[in-house]
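Every number in this text was worked out from the coordinates using simple rules, so none of it is lab data. Everything quoted here is computed from the prediction, not taken from an experiment. Note that we place each Cβ from the backbone using ideal geometry, even for glycine, and neighbour counts take in every protein chain shown.
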Amino acid sequence: MSRYEVVIVGAGHGGAAAAIALRQNKFEGTIAMIGAEPELPYERPPLSKEYFSGERSLERILIRPPAFWGERDITMHLGQRVIAVDSDAHWLTLDDGSTVGYRHLIWATGGSPRRLACSGHNLAGVHTVRTRADADRMRGELDATTRAVVIGGGYVGLEAAAVLAKFGKQVTVLEALDRVLARVAGAPLSRFYEAEHRAHGVDVRLEAKVDCMEGKHGRVCAVRLADGEMLPCEMVIVGIGIVPAVEPLIAAGAEGGNGVAVDAHCRTSLPDVFAIGDCALHSNVFADNTRIRLESVQNANDQATVVARGLTGNPIEYRAVPWFWSNQYDLRLQTVGLSIGHDQCVPRGDPATRSFSLIYLRDGKVIALDCVNATKDYVQGRALVIDGARIAPEQLADPATPLKEMAVSA
Ligand SMILES: Cc1cc2nc3c(=O)[nH]c(=O)nc-3n(C[C@H](O)[C@H](O)[C@H](O)COP(=O)(O)OP(=O)(O)OC[C@H]3O[C@@H](n4cnc5c(N)ncnc54)[C@H](O)[C@@H]3O)c2cc1C
């Protein structure tokens, strides 16, 4: 059995960032990463954007060049999955039956795409988007696709729909709720994106209920809606969220459920075991201290830094301000803060100009911004979110006054 000072499970954003941050913080012990995918760590966001569209290759989405990991003495076990954790003995069992020992364990496994339970969900041509292999499969079927149905109007589904529309496919987006992006943004942003997609020829259906997928010779040929309507298609993309990949840790006794519970130092309830990224259920100061999982590169990177600092004797608590982006067509959305629980949404600028922001308030304090082609607002609004600034809505709404010039009373 090999043994390392630090074993990182998951060679994605959080895992890579943890290894990088450990070395940057002068950690000199042995480090190994165990990752289920065969690739060296790569950026996941382009999978529904520039990688899917073919604008960026795998080489151009690698988090670090291939030589980096060896130069930093970081051992890679790729294409291997951890299936069990023995937290008393401090060792892991891999899917090939081998075992790996650890002094400290960093769990950075993200999640697997939530799947539809309806009949036909596993037909060929029905895709989820989480890995490079998923994106390659979708790209490989583009030429044979005229009509595509995207199930789920969240960021991943809408980004994939935008790429498909740009390729001239007939695209239908099916959203179960009464607006797209309902879980992450205010209604004005949803309405704006619905209109943008429709302007690009996408058929956006709200409150749509999928009954099943119909197949022919093992391949999907249509999506049937609950009202009986058939949507003929050659490709289906299902983007309905993820299930955090925490089974081995929970089976080992870690607290959690929808993710593994961590404290402000990203420690789980198991000794010497940390969790970071999409799978970490943490209490977030920007969500009124409620326990959430954040699915963002920012969260994975910042939690990785928290763990690396803790393991190198310079601990900090996780208090990073959340931020996120989404590219659809020629629209760059940048968000800062979390709009969950807002009681006011102030528009700043005119959506018709395709450059505007929405500023979210709770109890009079700025808690988040969604900025569409409005990078200045995004950059300047950050401080307002961090400070929980109280600014009159009329003032916030005036695009002639830069956000950085607004008087702040926290
Ligand atoms: C299509 C898409 C678009 C996105 N767009 C954006 C965006 O625009 N902006 C943004 O901020 N975020 C975006 N995200 C989210 C972002 O990619 C994630 O938040 C980020 O990757 C989380 O990092 P992570 O390390 O927690 O998980 P991941 O990056 O998913 O890495 C987890 C790794 O662990 C592996 N693994 C799982 N279980 C095991 C196991 N038992 N043993 C070994 N390995 C295991 C997985 O195979 C995976 O490689 C997007 C995600 C997707 C899928």
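Laid out as a table, the results:
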quantity: Note, ³J(HN,Hα) from phi for the range 254-262, Karplus 6.51, -1.76, 1.60, rounded to Hz, x at Gly and Pro; calculated: 5, 6, x, x, 7, x, 9, 6, 10
quantity: Cross-link reach list, lysines versus residue 365, counting only Cα pairs under 28 Å and skipping chain neighbours closer than eight places; calculated: 376, 404
quantity: Whole-Hz ³J(HN,Hα) from phi, Karplus 6.51 cos²θ - 1.76 cosθ + 1.60, for the range 18-23, glycine and proline x; calculated: 5, 5, 4, 5, 4, 5
quantity: Magnitude of the charge dipole, the range 49-156, Cβ model with Lys/Arg +1 and Asp/Glu -1, debye to 20; calculated: 400 debye
quantity: Table column - 3J(HN,Hα) (Hz), the range 187-192, Karplus curve with 6.51, -1.76, 1.60, x for Gly and Pro; calculated: 4, x, 5, 4, 5, 4
quantity: Cut-off under 5 Å, modelled amide H: who pairs with residue 344 long-range; calculated: 361
quantity: Dipole-positive endmost among 316, 282, 122 within the chain (Cβ charges, Cα centre); calculated: 316
quantity: Calculated P(r) tail over 11 Å for the range 236-281, as whole % of Cα pairs; calculated: 64 percent
quantity: Qualifying trypsin sites (Lys or Arg not before Pro) in the range 319-410, DSSP loop, other Cβ atoms within 10 Å at most 13; calculated: 319
quantity: Anisotropy class of the range 1-117 from Cα gyration tensor, a/c 1.5 cut; calculated: oblate
quantity: Prolate/oblate/rounded call for the range 107-223, Cα gyration tensor, a/c under 1.5 rounded; calculated: rounded
quantity: Amide hydrogen neighbours beyond the local backbone of residue 212, cut-off 5 Å, H modeled; calculated: 224
quantity: Charge dipole magnitude, Cβ of K and R +1, D and E -1 - the range 268-410, Cα centre, debye nearest 20; calculated: 160 debye
quantity: Convex hull volume of the chain per residue (C-alpha atoms, cubic angstrom); calculated: 147 Å³
quantity: Amide proton proximity set for residue 111, modelled H, under 5 Å, gap of 5+; calculated: 245
quantity: 5 Å binning of all Cα-Cα separations within the range 247-308, expressed as whole percents from 0 upward; calculated: 4, 21, 32, 27, 13, 3, 0
quantity: Two-site label geometry, residue 177 and residue 363: point separation in nm, points 7 Å out along Cα→Cβ; calculated: 2.4 nm
quantity: Efficiency of FRET between residue 117 and residue 71 - r from beta-carbon atoms, R0 30 angstrom, step 0.05; calculated: 0.05
quantity: Rg followed by Dmax, in Å, when the range 11-64 is reduced to its Cα trace; calculated: 13.0, 41
quantity: Alpha-carbon radius of gyration plus Dmax, which is the widest Cα pair, for the range 83-163 in Å; calculated: 18.3, 55
quantity: Two-site label geometry, residue 344 and residue 272: point separation in nm, points 7 Å out along Cα→Cβ; calculated: 5.2 nm
quantity: For the range 66-84 versus the range 105-150, the gap between their alpha-carbon centres in whole angstrom; calculated: 25 Å
quantity: Kirkwood hydrodynamic radius of the range 291-385, from inverse mean 1/r over distinct Cα pairs, in Å; calculated: 14.5 Å
quantity: Stokes-Einstein D for the range 191-243, Kirkwood Rh over Cα pairs, 4 °C, 1.567 mPa s (µm²/s); calculated: 101 µm²/s
quantity: Residue 298 versus residue 401: modelled label distance in nm, points set 7 Å from Cα along the beta carbon direction; calculated: 2.4 nm
quantity: Per principal axis, descending, Cα span of the range 147-212 in whole Å; calculated: 29, 28, 17
